[in-house]
Amino acid sequence: MSDTQKLARHVAIIMDGNGRWAQKRFLPRVAGHRAGVEAVRKIVRAAGEMGLEALTLYAFSSENWKRPAGEVNDLMGLMKKFLLSDLDEFVANDIRLKIIGDWRGLAPDVVALLEDALDRTSGNKRTTLAVALNYGGQDELVRAAKAAAEAGEINADSIAAHLDTAELPPLDLLIRTSGEVRLSNFLLWQCAYAELYFTDRLWPDFTAADLKLALDHFARRDRRYGGL
Ligand code: IPE
Ligand code: IPE
Ligand code: MG
């Protein structure tokens with residue numbers, strides 16, 4: 001295991017650029033999302049092989065409901081198909097699935113599939129794949145602050161303890177593809193001291209080699225946390 005692989009425990013990715021990938025090929029946006037699923041498959045495999053403890057993927061934001069209903073349906077359909085086709089591989093590869101965001105309000109068939117997938121992978125240990133579904137960082141913070149208040153204590157530790165990501169290692173590296181340089185409401189609290197890495201690569205073109213490049217970049221960074 002190289003130093004890079006030892007260093008980053010938790011990587012998150014804003015998987016952006018599916019639409020532009022399709023547009024460049026004169027294909028419908030759904031073709032870009034389909035190609036995006038292929039990239040997810042490869043990156044999840046690579047993350048397991050590279051020994052990451054956690055990989056958090058932004059799959060559907062709480063703002064993505066603003067898209068046309070047809071595209072939202074396509075995205076939900078692809079999510080269901082992905083779970084059905086890849087769950088056995090997760091089980092075989094010791095990957096534990098976790099869902100972050102307000103996912104229990106999704107369509108009942110999606111919720112049922114997710115519950116089954118969570119259940120079947122709950123004992124797995126190698127890598128946690130956290131999928132952000134109907135996720136918004138501000139929404140997560142509101143929910144965490146409410147839960148902390150109900151527990152009678154509002155401070156940084158108690159809010160952190162009620163975040164959707166509470167049981168994951170601290171976020172080391174956030175990657176965003178497609179050239180956009182913004183967080184789009186992703187992991188706002190967790191990004192406080194994460195390293196940020198932006199690449200022009202469109203998500204369907206993002207490969208294991210690109211992930212390795214980002215991890216190498218991360219390994220060279222000097223994390224100071226406000227100190228010297
Ligand atoms: C990311 O690709 C996938 C989701 C947001 C679900 P986009 O669909 O945002 O692709 P662009 O940004 O339009 O290229
Ligand atoms: C962020 O991408 C959400 C996901 C990747 C799921 P968007 O494409 O929705 O973000 P904006 O609209 O460019 O900020
Ligand atoms: Mg986008």
* To do: Order these peptides, 68-76, 128-136, 167-175, by their mean beta-carbon neighbour count within 10 angstrom, highest first.
  => 128-136, 167-175, 68-76
* Members of 24/80; 80/125; 24/98; 81/146; 24/81 lying beyond 28 Å, as alpha-carbon distances in this model show -> 24/98; 81/146
* Asked: Projected onto the charge dipole of segment 3-220 (+1 at Lys/Arg Cβ, -1 at Asp/Glu Cβ, origin at the Cα centre), which of 112, 134, 217 gives the Cα projection farthest towards the positive end?
  -> 217
* Divide by every residue of the chain the summed helix terms, -39500 (n - 2.57) for each DSSP H run of at least 4, and state the resulting mean residue ellipticity at 222 nm, rounded to the nearest 500 deg cm²/dmol. => -14500 deg cm²/dmol
* **Sequence-distant residues sharing a close amide H with residue 195 (under 5 Å, placed H)** => 173, 174
* With a 1.4 Å probe and every protein chain left in place, tell me how much accessible area residue 21 has, in Å² to the nearest 10. => 40
* To do: Give the long-range amide H neighbours of residue 130: residues separated by 5 or more places, or on another chain, with amide H under 5 Å away, using H modelled in the peptide plane at 1.01 Å from N.
  => 55, 56, 57, 98
* Structure fact -> Normalised per residue, the volume inside the convex hull of the alpha-carbon atoms of the chain in Å³ amounts to 127
* Can you work out the accessible area per residue across the chain, with the rest of the protein chains kept in place, probe 1.4 Å, in square angstrom? => 49
* Structure fact -> Note on the chain: helices (DSSP H) long enough, at least 15 Å by alpha carbon along their axis, and hydrophobic enough, mean Kyte-Doolittle at least 0.5, are 208-219
* Ignoring any ligand, DNA or RNA, what whole percent of the accessible area of the chain comes from carbon and sulfur when the probe is 1.4 angstrom? -> 53
* Let me know the charge dipole size of the chain about its Cα centre in debye, to the nearest 20, where only the beta-carbon of Lys, Arg (+1) and Asp, Glu (-1) is charged. => 640
* To do: Taking just the C-alpha trace of segment 147-228, give me its Rg and Dmax in Å.
  => 15.6, 47
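The values are calculated or read from the model by the stated rules, or taken from the named source; none is laboratory data. Just so you know, these numbers come straight off a predicted model, no measurement behind them. All Cβ positions, glycine included, derive from the backbone under ideal geometry; neighbour counts span all protein chains shown. Accessible surface is based on the protein model in full, side chains and every heavy atom, while ligands, DNA and RNA are left aside. Shrake-Rupley method; radii C 1.70, N 1.55, O 1.52, S 1.80 Å.
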